[in-house]
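A short reminder: the numbers here are calculations on the coordinates, not readings from a lab. Just so it is clear, the model here is predicted, and its values are computed rather than measured. FYI the Cβ positions are ideal-geometry reconstructions off the backbone, even for glycines, and counts take in every protein chain you see.
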Amino acid sequence: MDANDRKREIEQLERDVETLRRLVHKDAQTEAELERLRREVAELRREFFEHLDAWQRTQLARHPQRPYTLDFARLLFDHFSELHGDRAFGDDPSIVTGMARFAGRPVLVVGHQKGRDTKQKLARNFGMPKPEGYRKALRTMQLAAKFGRPIFCFVDTPGAYPGVDAEERGQAEAIARNLREIMLLPVPILVTITGEGGSGGALAIAVGDRINMLENAIYSVISPEGCASILWRDAAKAPQAAAALKITANDMQQLGLVDEVVPEPEGGAHTNHEETARILQEVLSRQLAELVRLPPAELLEQRYRKFRRMGQAFRESYAVQARG
Amino acid sequence: MAWFRREKKPVEQPTPPEERRVRTEGMWTKCEACGQIIWKKDLETNWNVCPRCQHHFRLSAVRRLELLLDDGQWVEHDGALESTDPLEFVDTRPYRERLREAQQKTGMADAILTAEGRLQGHPVLCCSMEFGFIGGSMGAVVGEKVTRAAELALARRLPLVIVSCSGGARMMEGAISLMQMAKICAALGRLDRARIPYISVLADPTTGGVTASYAMLGDLNIAEPGALIGFAGPRVIEQTIRQKLPEGFQRAEFLLAHGFLDAVVHRKELKSYIASALDFFLA
């Protein structure tokens, strides 16, 4: 059975229970029976969302009602005031950066920004940054570091923009420089993958001391569609590619590439932004408290070791031939 | 006279089809750029550069080291590292199979060699990538070897030279490949702050996650003529903008014009160019 059919079936059951509740004569026994039914259906619903496969989660991660950086800026922070421009070429609307307060503390917010309707999507370039976006992010992060302010990153992009102008202005150089320089910023950096962690375009603002992932977010070296069209030579094989690439938050945690998976409200983050932010706020507050205690040198050493340990998927077993 | 029946056997048996070929087959090759037919031996003695149009053919990782390091001699580091196939990845074929095949074809454990040797007398660490190994793609092994090379360069204050030749991150190791970019850049950051020279050489092709990490972070970024260098591959860009790309787009000369390369250097001058740069940094 298709997952959508299953979801519709559960929703039908929920409606049936509601109808029953309205129709039947209320006595203690039917009340108890109804409550039992309601709980069973709720359990089915919970189970459904717990067992979403990689492709279903990809759909959720791309849901247009998912909270974006500017939503988190409003829900998690006070007095967000945006900073624009890379001081070299322009201002990229697909990455937003700004000063804000987190529980009273001055911090920097950096994140990808997607649009919800067609007009916004175009204005935000579908959340696909160009080099000036990455350079703006680095510029403001260096500014935060200069004044000792912690940095919060929110990652949600299909990837860095693959276009002529982006190449001309050095997309690769911008990403590479961010990776090297952000690694050395002596202030706490808390990263949350909130939607799509699209390859290098995501990683360029996803280097930090804590890497969190919302439950239905994905993180991947290539989009499932891209992988499918290269390896299967058929973009329609994207669901298989999504499974093979191990892109879900749980996969990422098992691979040791993210620290924490942050639960979403039942049904997904798009159903309730406030609740999503509330759960995330607890995680971020706790992590920030841990990190601000560390002296900068120790913070940097831990950050280095964190990435140094990632993805050690090798063994020393190959019989080397003499060369040279 | 036999009008209807053949009386005599043919004088000799025709050559069976599997033996029917020109004796010199496989000894000639055609230049991809100018169409010149070149004797393969000539091409090899000419550093895999077309004698007519100077088109740079790809070099194997080993051949590259032979051309760069003094007397073609070096000590290899971390040669035994091979992938564990962390995702147990299967597309139309198991990744494990692709790995084994690539190892047999190249005689290497993965897509990069780390060599310690001398370059016109300068002791150096040199990483050389092999495009013939799954498109020179970067997974956990390439990431670890480059990181170790950077860390060794830091510990022993040796200049680092990396010759990139890669299609980017290796899909079959998923996000593990992606994180190699961060890991390598972290190590290069330390090298940078310790003021140890790192020279990045970009050969044809250098794209994707390799360009967007170590290949663009050299104190010098130098490329071979005509090398394809970019973040997104040309086909992906064409699909995005639905237009044909201009001639020369993403070639070394294009990057030079846009300010992302220090120089485009002919293969025959590469070694002396790097040596003079090291003189500048270290002498």
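Key figures for this structure:
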item	result
Square roots of 5 times each gyration tensor eigenvalue, C-alpha, segment A:97-232, largest first, Å	25, 16, 15
Most fluctuating residue given options A:E274, A:E196, A:E301, as computed from a GNM of chain A linking Cα atoms under 10 Å	A:E301
Estimated dipole of chain A in Debye, rounded to 20 [Cβ of Lys and Arg +1, of Asp and Glu -1, Cα centre]	1120 debye
Set of aspartates and glutamates with alpha-carbon distance to A:K146 below 19 Å, sequence-local pairs under 8 removed	A:E82, A:D86, A:E181, A:D209, A:E298, A:E301
Near-label residues of segment A:231-265 by backbone N, under 20 Å of a point 7 Å along Cα→Cβ of A:E282	A:249-250, A:259-265
Per-residue average of Cβ from other chains inside 10 Å of B:78-86	5
Highest average packing first - B:72-80, A:218-226, Cβ atoms within 10 Å	A:218-226, B:72-80
Pairs beyond 27 Å (Cα-Cα), from A:K130/B:K105; B:K40/B:K145; B:K41/B:K244; B:K183/B:K244; A:K136/B:K183	A:K130/B:K105; B:K40/B:K145; B:K41/B:K244; B:K183/B:K244
A:L37 versus A:L23: modelled label distance in nm, points set 7 Å from Cα along the beta carbon direction	0.8 nm
10 Å Cβ neighbours from other chains, averaged over peptide A:204-213	1
Cut-off under 5 Å, modelled amide H: who pairs with B:Q120 long-range	B:D70
Neighbour-count order for A:R303, A:R45, A:R278, fewest beta carbons within 10 angstrom listed first	A:R278, A:R45, A:R303
Extension gain from B:L245 to B:K41, taking 0.36 nm per residue of separation minus the Cα-Cα distance	69.9 nm
Förster-model FRET efficiency, 30 Å R0, A:R74 and B:F280, C-beta, rounded to 0.05	0.05
B:Q73 paired with A:K119, simple spin-label distance in nm, labels 7 Å along Cα-to-beta-carbon	7.3 nm
Furthest towards positive pole of dipole, A:T157, A:L288, A:T192, structure part segment A:58-309, Cβ charges	A:L288
Antiparallel DSSP beta bridges within the protein assembly as shown, as percent of all bridges there, nearest 5	45 percent
Hydrodynamic radius (Kirkwood) for segment A:58-309, which is based on Cα pairs only, to one decimal in Å	18.1 Å
Whether segment A:46-93 is rounded, prolate or oblate, judged on the alpha carbon gyration tensor where a/c under 1.5 counts as rounded	oblate
Cα gyration tensor, chain B - rounded (a/c under 1.5), prolate or oblate	prolate
For a label point 7 Å along the Cα-to-beta-carbon line of A:N4, residues of segment A:61-96 with backbone N under 20 Å	A:61-66
For segment A:12-56, size of Cβ-based charge dipole, Lys and Arg +1, Asp and Glu -1, in debye	200 debye
Selected from B:L81, B:P94, B:C127, residue furthest toward positive end of dipole (segment B:80-151; charges at beta carbon)	B:C127
Dipole of chain B, positive direction: furthest Cα of B:V161, B:Q243, B:V62, with charges on the beta-carbon	B:Q243
DSSP-defined beta bridges in chain A - what % are antiparallel, rounded to 5	40 percent
Chain A: angle of helix A:28-50 to the longest principal axis, Cα-based, in degrees nearest 10	30 degrees
Shape category assigned to segment B:22-124 from the gyration tensor of Cα positions, a/c cut at 1.5	oblate
For A:I189, distant residues with modelled amide H under 5 Å away	A:I151, A:D209, A:R210
Dipole magnitude of the protein assembly as shown, debye to nearest 20 (Cβ charges: Lys/Arg +1, Asp/Glu -1, about Cα centre)	1220 debye
Full-extension gain in nm, A:R62 to A:V320, via 0.36 nm per residue minus C-alpha separation	88.3 nm
Environment charge at B:D110 (Cβ cut-off 10 Å; Lys +1, Arg +1, Asp -1, Glu -1)	-2
Residue mean of other protein chain beta carbons inside 10 Å, B:109-120	1
FRET efficiency estimate (nearest 0.05) - Cβ-Cβ, A:V292 to B:H266, R0 51 angstrom	0.45
Counted charge near B:C165, where neighbours are those whose Cβ lies closer than 12 Å (Asp, Glu -1; Lys, Arg +1)	0
Sequence-distant residues sharing a close amide H with B:V163 (under 5 Å, placed H)	B:C127, B:S128, B:M129, B:V201
Listed residues A:A172, A:A289, A:A137, most fluctuating in chain A (Gaussian network, C-alpha, under 10 Å)	A:A289
Label-point separation in nm, B:V90 to B:F4, each point 7 Å along Cα→Cβ	6.4 nm
Residue-count net charge about B:A223 - beta-carbon cut-off 10 Å; Lys, Arg +1, Asp, Glu -1	-3
